[in-house]
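For reference, the structure is listed below as structure tokens.
Computed from the coordinates by the stated procedures, all read-outs in this text should not be read as laboratory data. All values derive from a computational prediction rather than experimental measurement. Neighbour counts run over all protein chains shown; Cβ positions are idealised from the backbone, glycine included.
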Amino acid sequence: MTSQNAPAPIEYASVARDALERLDASFRERGEAGRMAGIVYAVARHGHLVHQSAIGLADIDTGRAMAPDTVFRLASMTKPVTAIALMLLHEEGRFALDDPLSAYLPAFADIKVLRSLDAAPDDVVDLDRPITIRHILQHSAGLGLGLGIGLTGEALLAATDPYNPSHSLADDVDNVAKVPLVYQPGTIWNYSLAPDIQARLVEILSGESFAGFIQKRIFAPLGMVDTSFAVREDMAGRVASVYWRDGETLTRWREGAMPPLPPIISKWPQPFFNLDNLDVVSERGSFGLYSTVGDYLRFAQMLLNGGELGGVRIIGAETLDLMTADSVGDLPLMWPVQGLGFGLGFAVLRDPKAAGYAGTPGMFHWDGALGTVMWVDRERGLVVVGMAQHLLIEELTPDALGAELRNHIYPALLDG
């Protein structure tokens with residue numbers, strides 16, 4: 001079954017074709033050796049699709065091949081969509097970035113902060129300053145991620161079961177507000193479940209469901225026909241399976257056939273551990289969307305174009321400039337990758353050498369835990385989207401896959 005969203009004609013004027021064919025050969029050899037299932041990726045430059053490859057298998061058991069319209073679980077690549085949705089409402093004057101979060105979510109009015117990372121659950125202090133919506137967009141609100149990594153705040157957050165698909169988004173956000181913060185707002189950048197709060201703000205400010213809002217305001221105008229929180233009937237036969245490595249063998253991720261998990265991973269969102277059940281719908285700001293490379297390329301090209309695609313404007317260019325500029329300054333960043341900053345919804349490359357991969361300072365990007373990557377480089381007129389479905393395979397983590405793509409694609413660019 002093919003997608004309605006057919007790719008544009010491929011043009012090679014701005015990239016070295018042989019360099020990208022060598023990258024394809026590398027992925028193909030890895031698949032034939034049983035070290036990955038498959039990947040789909042696309043490269044667009046100056047508004048033209050210059051390379052697209054579907055390599056390997058979407059399902060090893062059945063021999064189903066990857067295709068341009070294969071459907072992938074985006075995981076955290078849902079987050080940039082969420083940030084754009086909230087900032088659409090900012091453009092409409094529904095809120096100011098420095099408004100207190102409690103003005104819209106009163107449950108956060110009395111939230112406390114743990115005295116230290118390993119403090120007792122009741123050893124808390126008052127806020128030094130209110131949580132603002134800017135903090136929520138910037139991952140500097142003092143929230144944790146709720147994966148249960150042994151620290152008091154993370155364990156308390158995990159105990160609320162914030163990723164349970166049977167909970168409403170409203171109930172989950174209210175439960176999060178009952179847990180003390182890990183840090184004082186505005187003092188630390190800490191990857192967190194703040195995008196779920198962003199999604200709840202979209203509901204409150206728009207009076208619509210989060211899923212309904214992004215469908216109406218983002219997906220439909222951009223022609224993203226295969227992007228949804230639910231796997232529709234016409235998508236079901238195109239969904240890629242997820243694989244992990246059992247010794248030297250790739251094993252399909254299914255109920256009852258999961259690898260032993262370290263504690264931090266065992267607390268991850270339930271849909272990641274029930275992947276055979278495509279009826280589980282999790283409408284969250286942090287994760288849950290399904291999409292194709294072609295669809296997400298349209299979203300990313302819109303970002304490169306300053307907020308419009310094909311004559312349809314989604315968001316203002318000035319708003320995107322604000323969102324994609326590094327805004328954390330000298331705040332300590334609690335993530336292992338060096339050379340990066342963060343805007344309002346996107347990671348921003350500060351220093352390619354420190355990050356350990358090719359790129360242009362100011363390039364912005366995000367990825368998803370199951371092997372989906374995206375970046376936008378305005379200076380080079382470049383958009384890249386890659387999607388695989390592997391978990392806990394070191395050389396196929398989003399960081400590793402993104403670095404491999406960047407280190408091959410940037411040397412292939414032809415300027416002038």
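Below, the figures for the structure above:
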quantity: Filtered GluC sites (Glu not before Pro), the stretch 304-384: DSSP coil and at most 13 other beta carbons within 10 Å; calculated: Glu379
quantity: Residue among Asp226, Asp118, Asp161 with the largest mean-square fluctuation in a Gaussian network model of the chain, springs linking Cα atoms under 10 Å; calculated: Asp118
quantity: Diffusion constant of the stretch 1-146 at 10 °C, which comes from Stokes-Einstein with the Kirkwood Cα-pair radius and 1.306 mPa s, µm²/s; calculated: 79
quantity: In the stretch 74-160, GluC sites (Glu not before Pro) in a DSSP loop with at most 14 other beta-carbon atoms within 10 Å; calculated: Glu92
quantity: Tail weight of P(r) past 23 Å, computed on alpha-carbon pairs of the stretch 95-220, percent; calculated: 28
quantity: Taking all pairs of distinct alpha-carbon atoms in the stretch 280-416, Kirkwood radius in angstrom; calculated: 15.8
quantity: Nearby aspartates and glutamates by direct alpha-carbon distance to Lys112 (threshold 17 angstrom, same-chain neighbours under 8 apart not counted); calculated: Asp122, Asp123, Asp126, Asp128, Glu154, Asp174
quantity: Where N is the number of residues in the chain, Cα Rg divided by 2.2 N^0.38 Å; calculated: 0.95
